[in-house]
Amino acid sequence: MNWLIEDPTALILLVVFVQLILLVVFFRTGRVVMLGWIGALLVLLGLVFLVDYLVVTDREAVALVLDEMVAAAEANDDARLLATISPRADGLDEDARGLLARVEIDWLQIIVGPKVIVNELTSPASATAEFTIQGEGRLNAGAVGGMRGRHVQPFVIHFERDGDRWLATRSEPRWPYSR
């Protein structure tokens, strides 16, 4: 049943295909009962869309946290960024603080991914998000302070479920310019 919630595309295509067949049968036979079946399938399709809209899966929840991390970094908001990082994270909070202290980010976006893999068998549940990020900004400190540039970086971020939230615990590679 998880496939339905994660990606209902196959079911949607099946319902549309069956509706097309029922329409052909209706026009060839003129049987009004086919319109009833078409209506029932439309209701089913509406329910599928409603469930897809209302249910947030773990994979989607991790992707939302990742989007929040990107938005917080783009806004140069360390408090918002740190709220997405687990207190048990091994140095990730220091890396995030270091990044925002050394780089003023103009814009940031995920250009590839994210590919999210959730593991419910660990305790607490864990997830891994693989993606590539692109951004532009200005270095604030060091010998090249004030230098503007664009950076593309592949990342793997590990998450743990903390109650009903997902929090980042580790990043590979480490944040650029963090130390």
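General remarks:
- Any hit, segment 104-113, residues being in contact with a Phe, Trp or Tyr (Cβ under 7 Å, 6 or more places away or on another chain), buried (at least 16 other Cβ atoms within 10 Å of the Cβ) and more than 18 Å from Ser171 (Cα to Cα): no
- Complete set of residues in segment 50-63 that are of a type in the set (A, V, I, L, M, F, W, C) and surrounded by 12 or more Cβ atoms within 10 Å (Cβ to Cβ): Val51, Ala61, Val62, Ala63
- Test: Arg88 is among the basic types (Lys, Arg) and at pLDDT 90 or above: no
- Filtered residues of segment 94-127 (kept if in contact with a helix residue (DSSP H, G or I) (Cβ under 6 Å, 6 or more places away or on another chain) and under 15 Å from Glu160 (Cβ atoms)): Val116, Val118, Ala127
- Of note, Gly98 does not satisfy the criterion of being in a strand (DSSP E or B) and crowded, with 17+ Cβ neighbours inside 10 Å.
- Filter result (part of a helix (DSSP H, G or I) and exposed (fewer than 12 other Cβ atoms within 10 Å of the Cβ)) within segment 22-35: Val24, Phe27, Arg28, Thr29, Val33
- Failed condition for Val116, given (1) among the hydrophobic types (A, V, I, L, M, F, W, C); (2) crowded, with 17+ Cβ neighbours inside 10 Å; (3) assigned to a helix (DSSP H, G or I): (3)
- Only listed residue being part of a strand (DSSP E or B) and closer than 26 Å to Gly149 by Cα, chosen from Asp106, Asp93: Asp106
- Residues of segment 17-50 satisfying the condition of being in contact (Cβ under 8 Å) with a residue 12 or more places away in the chain and of a type in the set (A, V, I, L, M): Val18, Leu22, Leu23, Met34, Ile38, Leu41, Leu42, Leu44, Leu45, Val48
- Any hit, segment 64-83, residues being in a loop (DSSP other than H, G, I, E, B), closer than 23 Å to Gly163 by Cα and of a type outside the set (Phe, Trp, Tyr): yes
- Single unsatisfied condition, Ala75 versus (1) of a type outside the set (Phe, Trp, Tyr); (2) more than 18 Å from the chain's Cα centre (by Cα); (3) under 18 Å from Thr169 (Cβ atoms); (4) at pLDDT 90 or above: (3)
The values are calculated or read from the model by the stated rules, or taken from the named source; none is laboratory data. All of these numbers come straight from a predicted model, not from anything done at the bench. Every residue, glycine among them, receives a Cβ derived from its backbone with ideal geometry; neighbour counts consider all protein chains shown.
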